[in-house]
């Protein structure tokens, strides 16, 4: 689906080449942001690491906004991993989310250039904090469960 989306985006950009008033009205930028979000999320979820902007092939502001929005998708994936007990992988992805945030917060440019990036960065920070809290709770519960099982008092055994 990502390749199909890339094809549609390339086709739209080529078709609008002679119509900059439409090309730069924001519609194509939003499509670029969505493609960047998909590529970044897919790369991180599959363990490939954060792709470089030139690999994604979109405008820098669309790439950065795609990074910011990928944080929400990574949260959803992390919650699934927590339910599966894959806490080590959760910690890796939480680190990637932090890396994204620290990169985004370093982009200190006017909103006219970044096209709303500051607001998305603030939203990403809040998502990361909620995710870190959920991860901490899940880690503590896993530790308690392991301790109970080690001492013969598993969750189902009466005391």
When you scan the stretch 110-153, how many residues do you find that are surrounded by 14 or more Cβ atoms within 10 Å (Cβ to Cβ) and part of a loop (DSSP other than H, G, I, E, B)? 1
Which helices (runs of 4 or more DSSP H) sit wholly inside the stretch 2-87 and have at least 2 residues that are on the phi < 0 side of the Ramachandran plot, surrounded by fewer than 19 Cβ atoms within 10 Å (Cβ to Cβ) and in contact (Cβ under 8 Å) with a residue 24 or more places away in the chain? 2-15, 27-45, 60-83
Residue list for the stretch 126-159, restricted to those being at pLDDT 90 or above, in contact with a helix residue (DSSP H, G or I) (Cβ under 9 Å, 6 or more places away or on another chain) and farther than 15 Å from residue 90 by Cα: none
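From the list 108, 99, which one is out of contact with any helix residue (DSSP H, G or I) (no Cβ under 7 Å at 6 or more places or on another chain) and either within 24 Å of residue 6 (Cα to Cα) or at pLDDT below 90 (or both)?
So the residue among 108, 99 that is out of contact with any helix residue (DSSP H, G or I) (no Cβ under 7 Å at 6 or more places or on another chain) and either within 24 Å of residue 6 (Cα to Cα) or at pLDDT below 90 (or both) is 108.
The values are calculated or read from the model by the stated rules, or taken from the named source; none is laboratory data. Not measured: the values here are computed from a predicted model. With ideal geometry, Cβ positions are generated from the backbone for all residues, glycine too; neighbour counts draw on all protein chains shown.
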